[in-house]
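One structure below.
The values are calculated or read from the model by the stated rules, or taken from the named source; none is laboratory data. Remember, predicted model here, so these are calculated numbers, not experimental data. Every residue, glycine among them, receives a Cβ derived from its backbone with ideal geometry; neighbour counts consider all protein chains shown.
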Amino acid sequence: MRRPIKKKRILSPDPQYKSTDVAKLINYIMERGKKNIARTIVYDAFAIIAQETKKEPLEVFREALHNVGPTVELKSKRIGGANYQVPTEVKPERRLVLSLRWMIEAAHSKKGVRMAQKLAEEIIASSKNEGVSITKRENVQKMAEANRAFAHLAW
């Protein structure tokens, strides 16, 4: 008998910005269950964004998410003993997950500054179509373009 399909949990929006995307960002930054520290990091980063850009930080964050999110990604598929990298379209939920993950990884890779400052810099850079996470998205897009010949193998 097949296993029952898991129900998606509904994430409650964060208290300050009333956004589920910000709540997801907080959860991704959280380490070892320390959510208050993660909240502090995100809210401090948003304060830095508001100070530097003179714009609403939620708008800058949404623009960054839109810019970083990939439209195509590669998935490995094994056919007759050979592995092919098949380009597939990215669902909106996965697109959000990848963009958050890439921005956090880019912020972690920088050294010598508080995490809130690094995250704010990465979000601002991503909203301007610059930065490490944008480079990551472009690399994924280029790889998908290079493997377009295998698109007919998509399932």
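Counting only residues that are without any contact (Cβ under 8 Å) to a residue 40 or more places away in the chain and under 14 Å from residue 115 (Cβ atoms), which one in the stretch 10-35 is surrounded by the most Cβ atoms within 10 Å (Cβ to Cβ)?
Within the stretch 10-35, the match that is surrounded by the most Cβ atoms within 10 Å (Cβ to Cβ) is 26.
In the stretch 57-91, what residues are among the hydrophobic types (A, V, I, L, M, F, W, C) and not in a strand (DSSP E or B)?
In the first step, residues of the stretch 57-91 are kept if they are among the hydrophobic types (A, V, I, L, M, F, W, C); the result is 58, 60-61, 64-65, 68, 72, 74, 79, 82, 86, 90.
Residues satisfying the conditions are 58, 60, 61, 64, 65, 68, 90.
Does residue 47 satisfy being among the aliphatic types (A, V, I, L, M), surrounded by fewer than 17 Cβ atoms within 10 Å (Cβ to Cβ) and out of contact with any Leu (no Cβ under 8 Å at 6 or more places or on another chain)?
On the way: among the aliphatic types (A, V, I, L, M): yes; surrounded by fewer than 17 Cβ atoms within 10 Å (Cβ to Cβ): yes; out of contact with any Leu (no Cβ under 8 Å at 6 or more places or on another chain): yes.
Taking the combined requirement at face value, the residue satisfies it.
Can you find a residue in the stretch 104-116 that is within 12 Å of the chain's Cα centre (by Cα) and crowded, with 19+ Cβ neighbours inside 10 Å?
Taking the stretch 104-116 and keeping what is within 12 Å of the chain's Cα centre (by Cα), we get 104-107.
Now drop any that are not crowded, with 19+ Cβ neighbours inside 10 Å, which leaves 106-107.
Within the stretch 104-116, one or more residues are within 12 Å of the chain's Cα centre (by Cα) and crowded, with 19+ Cβ neighbours inside 10 Å.
Within the stretch 6-48, which residues are among the aliphatic types (A, V, I, L, M) and part of a loop (DSSP other than H, G, I, E, B)? Reasoning before the result, please.
Initially, the stretch 6-48 is screened for residues among the aliphatic types (A, V, I, L, M), giving 10-11, 22-23, 25-26, 29-30, 37-38, 41-42, 45, 47-48.
Answer for the stretch 6-48, where residues must be among the aliphatic types (A, V, I, L, M) and part of a loop (DSSP other than H, G, I, E, B): 10, 11, 30.
From 151, 144, which residue is in contact with a strand residue (DSSP E or B) (Cβ under 6 Å, 6 or more places away or on another chain), surrounded by fewer than 16 Cβ atoms within 10 Å (Cβ to Cβ) and either modelled with pLDDT of 90 or more or assigned to a helix (DSSP H, G or I) (or both)?
Numbers: 144 fails: surrounded by fewer than 16 Cβ atoms within 10 Å (Cβ to Cβ).
Of 151, 144, the one residue that is in contact with a strand residue (DSSP E or B) (Cβ under 6 Å, 6 or more places away or on another chain), surrounded by fewer than 16 Cβ atoms within 10 Å (Cβ to Cβ) and either modelled with pLDDT of 90 or more or assigned to a helix (DSSP H, G or I) (or both) is 151.
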